[in-house]
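In what follows, a structure is listed as structure tokens, so that the remarks can point back to it.
The values are calculated or read from the model by the stated rules, or taken from the named source; none is laboratory data. This structure is a prediction, so every number in the text was calculated from the model and none was measured. Reconstructed Cβ throughout: ideal geometry from the backbone, glycine too, with neighbour counts over all protein chains shown.
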């Protein structure tokens, strides 16, 4: 005799069909839920940005699909991706780690203007007058110095930069804030002087690192004595207990280089209300204070309760007050980028 009774096509069969229908419905519902996620492209380091974005997700109930970029190519990689997707973008909100690429997106017609309450609180120097992008937490370009290898003084840095640079590191300037650094040099020193300076550094064997974090690691480990990097990478070395100090990079009459993070909404988004909520969250005083107190020590732009930010960030704010005008840096960006692509992209 068979171990099981013969199958019948009555009620059990109908139950089976019903279960299949329910399962298909669940899959469709899950797919729909996934498709409703707010798509965020983020060029800021995931180690800093992830907790901010996930906190927004928890508080708002709005699911996020986040795409980060690599250390070597950010933020240029995501800017190029957004330009290529212009007519059918997958992205709703772009958190860039600098403003030059964001301005390129505006000029290409990729961005959608939005002036909310957060926009009104940001100084005019750090936002687009038409509302296509807004800055918030910022970083400064600094020298990171291995204090076991050399004194952390302006005189020692000047002396080091005048000689052989085989123990001085710089990220390739095609990307990120080193690109911003070069645009600032172009705007203040002029095209020919920057090209001469760049050729001179390479002739004197400057170490070309893959990114600012790599520069930090080279100095923190003692492989290099000095490097150009950003304040967030410097503070990572400090928190790791490395023998490092920093000094602000000053160019063209003592100007510093300040790079704000920027946030913008991508034109054509189907999730505009959710996108606006995320923009407001990133521009809020709470987020800026949180970034100032995080390991990155971001410099808050706009009014905040300064008693709630670390003393070292208040020092950075004083250095940022000497920043070269962002508008000048942006004007230099297209020509500078074209030259750098010719230098580095084969």
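What do you reckon, is residue 98 at pLDDT below 90 and in contact with a strand residue (DSSP E or B) (Cβ under 8 Å, 6 or more places away or on another chain)?
Values: at pLDDT below 90: yes; in contact with a strand residue (DSSP E or B) (Cβ under 8 Å, 6 or more places away or on another chain): yes.
For residue 98, the condition - at pLDDT below 90 and in contact with a strand residue (DSSP E or B) (Cβ under 8 Å, 6 or more places away or on another chain) - is met.
Looking at 302, 222, just one residue is modelled with pLDDT of 95 or more and not in a helix (DSSP H, G or I), and that residue is 222.
Per the conditions (1) under 19 Å from residue 98 (Cα atoms); (2) at pLDDT below 95, the sole criterion not satisfied by residue 134 is (2). Scanning segment 175-184 for residues that are farther than 17 Å from residue 69 by Cα, buried (at least 24 other Cβ atoms within 10 Å of the Cβ) and touching a strand residue (DSSP E or B) at 6+ places or on another chain (Cβ under 9 Å) gives 180, 184.
Residue 314 fulfils the conditions (1) outside any loop (DSSP other than H, G, I, E, B); (2) in contact (Cβ under 8 Å) with a residue 40 or more places away in the chain; (3) in contact with a helix residue (DSSP H, G or I) (Cβ under 7 Å, 6 or more places away or on another chain) except for a single criterion, (2).
Only one entry of 113, 124, 162 meets the criterion of being under 26 Å from residue 276 (Cβ atoms), loosely packed, with under 13 Cβ neighbours inside 10 Å and out of contact with any helix residue (DSSP H, G or I) (no Cβ under 8 Å at 6 or more places or on another chain), and that entry is 124. Regarding segment 192-199, can at least one residue be identified that is in contact with a helix residue (DSSP H, G or I) (Cβ under 9 Å, 6 or more places away or on another chain) and modelled with pLDDT under 95? Scanning segment 192-199 turns up no residue that is in contact with a helix residue (DSSP H, G or I) (Cβ under 9 Å, 6 or more places away or on another chain) and modelled with pLDDT under 95. Exactly one residue among 142, 180, 168, 157 is out of contact with any helix residue (DSSP H, G or I) (no Cβ under 8 Å at 6 or more places or on another chain) and closer than 28 Å to residue 216 by Cβ, and that residue is 157. Do we find a residue being outside any loop (DSSP other than H, G, I, E, B), at pLDDT 95 or above and over 27 Å from residue 38 (Cβ atoms) anywhere in segment 110-126? Checked against the condition, which is being outside any loop (DSSP other than H, G, I, E, B), at pLDDT 95 or above and over 27 Å from residue 38 (Cβ atoms), segment 110-126 yields no hits at all.
Among the criteria (1) surrounded by fewer than 17 Cβ atoms within 10 Å (Cβ to Cβ); (2) within 30 Å of residue 244 (Cβ to Cβ), the one residue 157 does not fulfil is (1).
Taking the stated definitions as given, is residue 148 free of Cβ contacts under 8 Å to residues at least 40 places away in the same chain and either under 16 Å from residue 209 (Cβ atoms) or outside any strand (DSSP E or B) (or both)? Full working, then the answer.
On the way: free of Cβ contacts under 8 Å to residues at least 40 places away in the same chain: no; either under 16 Å from residue 209 (Cβ atoms) or outside any strand (DSSP E or B) (or both): yes.
Here the answer is no, as residue 148 does not meet what is asked.
Which condition number does residue 273 fail, the rest of (1) under 16 Å from residue 94 (Cα atoms); (2) touching a residue at least 40 places away in the same chain (Cβ under 8 Å) being met? Tallying (1) under 16 Å from residue 94 (Cα atoms); (2) touching a residue at least 40 places away in the same chain (Cβ under 8 Å), residue 273 fails exactly one: (2). Residues in segment 243-273 that are within 22 Å of residue 43 (Cα to Cα) and crowded, with 20+ Cβ neighbours inside 10 Å: 10 in all. Looking only at segment 226-240, decide whether some residue is within 17 Å of residue 315 (Cα to Cα), assigned to a loop (DSSP other than H, G, I, E, B) and either touching a residue at least 60 places away in the same chain (Cβ under 8 Å) or in contact with a helix residue (DSSP H, G or I) (Cβ under 7 Å, 6 or more places away or on another chain) (or both). Looking for residues that are within 17 Å of residue 315 (Cα to Cα), assigned to a loop (DSSP other than H, G, I, E, B) and either touching a residue at least 60 places away in the same chain (Cβ under 8 Å) or in contact with a helix residue (DSSP H, G or I) (Cβ under 7 Å, 6 or more places away or on another chain) (or both), one finds none in segment 226-240, hence no.
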